[in-house]
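Notes follow the structure.
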Amino acid sequence: MEELASNLWSQPRPLRFLGVETGTRSTIVRLAGGGLFVHSPGPLDEATRAFVDGLGPVQAVIAPSLFHHLWAGAWKEAFPSAQLFACPGLDRKRADLPWDGVLGDEAEPAWEGEIDQAFFGARTMENEVVFFHRASRSMICCDIVFNLSKHPAWSTRLVAMLLANHRPGATWLEHIMIRDRESARAQLDRMLAWDIERIVLAHGEMVESDGREVLRKAYAWL
């Protein structure tokens, strides 16, 4: 677990998707009241559990995308007092999990004023809810930004090249997935209003600086 800024931690993990090593990343924010906001939780091994216990009580567990939910149930089981939140549609896809709420455009009371959010519903394949931690100027996301062109695995770099993921940003798949470009532009504009410096993303190296411009260039075609 790497400390990125005050009250912000990240943990990269290996993960294969459709046979390709893309990696994934969990992010933890400690809120002003001491509770923990856990974004896209990964495997909860003993070392991770010990580290988390040392940070504070888990208050919210976030499954922010239709593809980022594999370990959400394990975290809810380990921290039963935490609230478990799904992106829109995930509550139906994973009806086996005890969801406490479905995320939207407005921040929940638990993190209102500290973490902003926007539902990128125009990307219907993922229905991702994207977050912005104000204090660290960090956008926290899963699939809205990929950064696989410099991945250590040659096979992953090849896939990144085929997807035209030459720098941190989107791929050509977004041109197919996003049908309602007007809605997509409106949703992106909400994110671009954030004062983004860092982008904590799931697949590939993080963007450490000038994150707002990286996001703007990634979706300039809209």
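Data for the structure
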| item | result |
| --- | --- |
| Positions within the stretch 77-100 being under 19 Å from the mean Cα position of the chain (by Cα) and either part of a strand (DSSP E or B) or hydrophobic (A, V, I, L, M, F, W, C) (or both), in sequence order | Ala82, Gln83, Leu84, Phe85, Ala86, Cys87, Leu90, Trp99 |
| Single residue of Met206, Met177, Met161 found to be crowded, with 19+ Cβ neighbours inside 10 Å and modelled with pLDDT under 95 | Met206 |
| Residue within the stretch 66-88 that is touching a residue at least 60 places away in the same chain (Cβ under 8 Å) and of a type in the set (Asp, Glu) present | no |
| Enumeration of residues in the stretch 1-42 that are assigned to a strand (DSSP E or B), of a type in the set (A, V, I, L, M, F, W, C) and modelled with pLDDT of 95 or more | Leu4, Ala5, Leu8, Trp9, Ile28, Val29, Leu36, Phe37, Val38 |
| Members of the stretch 22-71 that are more than 24 Å from Phe120 (Cβ to Cβ) and of a type in the set (Gly, Ala, Ser) | Ala32, Gly33, Gly34, Gly35, Ala47, Ala50, Gly54, Gly56 |
| Residue count for the stretch 106-142, restricted to those that are among the charged types (D, E, K, R) and either on the phi > 0 side of the Ramachandran plot or in contact with a strand residue (DSSP E or B) (Cβ under 6 Å, 6 or more places away or on another chain) (or both) | 4 |
| Cross-chain or 6+ apart pairs with Cβ under 8 Å, the stretch 43-54 first and of a type in the set (S, T, N, Q), then not in a helix (DSSP H, G or I) | Thr48/Met1; Thr48/Gln11; Thr48/Gly42 |
| Test: residue in the stretch 182-195 that is closer than 17 Å to Val130 by Cβ and touching a Ser or Thr at 6+ places or on another chain (Cβ under 8 Å) | no |
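The values are calculated or read from the model by the stated rules, or taken from the named source; none is laboratory data. Model, not experiment: these values are computed from the prediction. Note: ideal-geometry Cβ built from the backbone for every residue, glycine included; neighbour counts use all protein chains shown.
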